[in-house]
Amino acid sequence: MWMRATCLLEFNSPVATPFIFMLRPRSGWQQWVGREQYLLTPSVSAVEFTDPFGNLCQRLVAPAGQFAVHTSFDVEAAEASDTAPGAYFVEVQQLPEETLPFLLPSRFCESDRCTQLAASIVAGRLPGYDQCSAIVEYIRQTIAYTPGAGQLIISACEVNERSQAVCRDMAHLGIACCRALSIPARMVVGYLENLQPMDLHAWFEAYVGGRWYTFDPTQDNEQGGRIAVAYGRDAADVAIYTQFGNPVELRHMQVSVERIAAPSY
């Protein structure tokens with residue numbers, strides 16, 4: 001199916017401010033970008049680069065005063081995330097090299113402190129996909145998904161001590177527990193069809209059965225198209241914007257996702 005996703009960010013800055021944005025999805029084996037629009041108001045020069053995780057980043061200096069970024073994308077994606085109960089655990093020595101960074105503890109996913117927790121959650125489950133499913137079930141049963149409840153980014157261990165969290169935090173806990181079991185796991189930021197309330201969304205992927213699979217503790221099923229924008233070890237790697245210097249006010253943010261007819265470009 002085809003989806004159109006849009007994102008509008010409006011800022012007010014007291015002085016000219018350097019930014020790095022991470023707002024452009026890229027085509028891959030699970031999605032195809034057919035059209036994209038990227039508007040800066042007022043228009044300024046920008047330089048694009050690719051970060052170590054393959055994310056498309058834009059580097060610019062926003063002028064003092066009001067500044068806006070508006071993006072729009074038409075993307076072909078699946079109507080639901082793939083599932084594979086019983087998919088096998090890939091032994092570390094057999095993992096592709098590009099998955100290895102996603103085995104290690106990171107700033108917000110301190111997997112080295114989650115070994116006992118993860119082992120208790122997956123007791124009796126087959127190694128691999130079924131262990132990841134058990135971790136997602138645990139998070140859903142113990143932590144309420146509460147949009148707007150997480151202004152500060154907290155670590156996986158801190159999330160596990162709370163009764164409610166946002167999508168980013170729940171993904172952190174899932175990632176840390178997977179890595180504690182030697183399953184590579186990475187954070188994904190992007191768009192999810194029919195998300196309520198609509199916003200940019202975060203989930204995680206785990207490498208089992210020889211490929212990456214989507215896991216989302218905030219949703220009770222795998223339905224809904226997804227558009228991935230950025231991948232990383234945790235939230236520190238996938239910020240949709242990073243500003244440097246004096247504080248900048250985010251005045252307005254608006255996100256939309258809708259299905260569209262197959263375009264004929």
For region 79-94, in order, what is each residue's ³J(HN,Hα) by Karplus, 6.51 cos²θ - 1.76 cosθ + 1.60 with θ = phi - 60°, in whole Hz (x at glycine and Pro)?
6, 7, 6, 5, 10, 7, x, x, 4, 6, 6, 9, 4, 3, 5, 9
Cβ-derived FRET efficiency at R0 25 Å, Leu104 paired with Val47, nearest 0.05
0.25
Within a Cβ distance under 12 Å of Leu200, other residues only, what is the Lys/Arg minus Asp/Glu net charge?
+1
Chain lengthening between Leu8 and His252 when straightened (0.36 nm per residue, less Cα-Cα):
87.1 nm
Per-residue ³J(HN,Hα) for region 227-233, Karplus 6.51 cos²θ - 1.76 cosθ + 1.60, θ = phi - 60°, Hz, x for Gly and Pro
10, 7, 10, 9, 10, x, 6
Testing the spin-label approximation: label points 7 Å from Cα along Cα→Cβ at Arg162 and Ser182. State their distance in nm.
3.2
Largest first and in whole Å, what are the equivalent-ellipsoid semi-axes of region 210-265 based on the Cα gyration tensor, each being the root of 5 times an eigenvalue?
27, 20, 13
For region 103-196, with only Lys/Arg (+1) and Asp/Glu (-1) charged at the beta-carbon, what is the dipole magnitude about the Cα centre, in debye rounded to 20?
100
Across region 5-16, in residue order, what do the Karplus-derived ³J(HN,Hα) couplings come to in whole Hz, using 6.51 cos²θ - 1.76 cosθ + 1.60 with θ = phi - 60° and x for Gly and Pro?
10, 10, 9, 10, 10, 10, 10, 9, 10, x, 9, 4
Beta bridge orientation in region 92-221: antiparallel %, DSSP, nearest 5
85
Compute the signed sum of charges (Lys and Arg +1, Asp and Glu -1) over the other residues within less than 15 Å, Cβ to Cβ, of Ser163.
-1
Would you work out the relative contact order for region 120-265, in percent, from Cα pairs under 8 angstrom that are 6 or more residues apart?
21
Using only the alpha-carbon atoms of region 75-147, report the extent along each of the three principal axes, biggest first, to the nearest angstrom.
35, 33, 30
Relative contact order computed over the chain (Cα-Cα under 8 Å; 6+ residues apart), in percent:
30
Net charge of Cβ neighbours under 14 Å - reference Tyr145; Lys, Arg +1; Asp, Glu -1:
-2
At most 10 other Cβ within 10 Å, DSSP loop - GluC sites (Glu not before Pro), region 73-122:
Glu91
I'd like the distance separating the alpha-carbon centroids of region 26-95 and region 128-189, in whole Å.
22
Quick query: amide H of Ala230 versus all other amide H atoms, modeled in the peptide plane; which residues come in under 5 Å with a sequence gap of 5 or more or a different chain?
Val189
Two-site label geometry, Thr242 and Leu152: point separation in nm, points 7 Å out along Cα→Cβ:
2.1
Of Met1, Cys132, Pro147, which is farthest on the positive side of the dipole of the chain, counting Cα position, with +1 on Lys and Arg Cβ, -1 on Asp and Glu Cβ, and the Cα centre as origin?
Pro147
Go from 0 up to the bin containing the longest alpha carbon distance in the chain, width 10 Å each, and give me the % of pairs per bin.
7, 29, 35, 22, 7, 1
Using amide H atoms built 1.01 Å from N in the peptide plane, name the residues 5+ places from Gly34, or on other chains, whose amide H lies under 5 Å from its own.
Asp74, Val75, Glu76
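No lab work stands behind these numbers, since they all come straight from the coordinates. Here the structure is a predicted model, which is why all the values come from computation and not from measurement. Please note: Cβ atoms are built from the backbone with ideal geometry, for glycine as well, and neighbour counts cover all protein chains shown.
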